Amino acid sequence: MASPIISGGNALLQPRVILKEHLHVAPSQIVGNFGCGGGGFFTLESARMVGESGQVYAVDIVKNALSSVDGKAKLQGLYNVKTIWSDLEIYGATDIPEASLDHGLLVNILFQSKKHDAIVREVTRFIKPGGKLLIIDWNNVQVPFGPPLEDRVKVDELRMKVPSFGYQEEKFFEAGQYHFGLIFIKL
């Protein structure tokens with residue numbers, strides 16, 4: 001049975017389907033969810049998938065979001081989640097071992113900033129060669145909810161910019177009715 005559709009910042013996304021079928025998160029892996037948000041949907045699902053031998057870093061600039069994720073993880077018996085307060089727009093600000101992640105997640109984050117390059121640069125420090133970067137954000141289609149069109153990230157721009165940080169595009173997919181997904185492999 002598929003995960004229920006969730007609302008809010010991760011509207012209409014199915015974390016388990018995306019992480020399993022598109023990103024192939026597996027036991028013992030190390031995942032970083034950058035801009036995890038208070039719901040922690042992708043963080044908690046990643047933690048279940050990597051299991052006790054894996055690790056998930058939940059990173060956000062909002063301390064209340066981190067407290068929420070930490071509480072939810074503990075309530076669900078997920079002790080492999082470590083919360084980290086950081087500003088992803090500042091290079092070197094995030095305290096995660098470099099080149100340690102199998103997967104880095106940027107889900108519904110880039111539309112919230114004008115500093116896409118800075119965010120991708122910071123996250124790139126942590127992804128090991130052969131590791132994957134997942135970007136999910138809003139499609140550039142007018143709907144009565146979601147961010148304004150001018151704040152939405154353009155897929156073509158990401159396809160041009162992200163490889164300059166040492167990645168190769170692996171896959172594009174529809175992450176939901178209103179979102180796109182891109183997976184890049186770090187070279």
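The values are calculated or read from the model by the stated rules, or taken from the named source; none is laboratory data. Not measured: the values here are computed from a predicted model. Cβ coordinates were reconstructed from backbone atoms using ideal geometry, including for glycine residues, and neighbour counts include every protein chain displayed.
A few notes on this one:
- Taken as a whole, segment 21-29 holds no residue that is in a helix (DSSP H, G or I), within 29 Å of Phe173 (Cα to Cα), modelled with pLDDT under 95 and not small (Gly, Ala, Ser).
- Residues in segment 113-144 that are in a loop (DSSP other than H, G, I, E, B) and under 15 Å from the mean Cα position of the chain (by Cα) were compared, and the one that is surrounded by the fewest Cβ atoms within 10 Å (Cβ to Cβ) is Ser113.
- Contact map, segment 43-63: residues that are more than 15 Å from Asp102 (Cα to Cα) paired with residues that are aromatic (Phe, Trp, Tyr), Cβ distance under 6 Å, separation 6+ or inter-chain. Pairs shown: Val59/Phe34; Lys63/Trp85.
- The sole residue among Lys161, Lys82, Lys132 that is of a type in the set (D, E, K, R) and in contact with a Leu (Cβ under 8 Å, 6 or more places away or on another chain) is Lys132.
- Output for segment 155-179, where each listed residue is surrounded by 13 or more Cβ atoms within 10 Å (Cβ to Cβ) and outside any strand (DSSP E or B): Val155, Leu158, Arg159, Lys161, Val162, Pro163, Phe165, Gly166, Tyr178
- Residue within segment 33-53 that is among the aliphatic types (A, V, I, L, M), at pLDDT 95 or above and part of a strand (DSSP E or B) present: no
- Lone unmet requirement of (1) at pLDDT 95 or above; (2) over 15 Å from the mean Cα position of the chain (by Cα); (3) surrounded by 14 or more Cβ atoms within 10 Å (Cβ to Cβ) for Ile6: (1)
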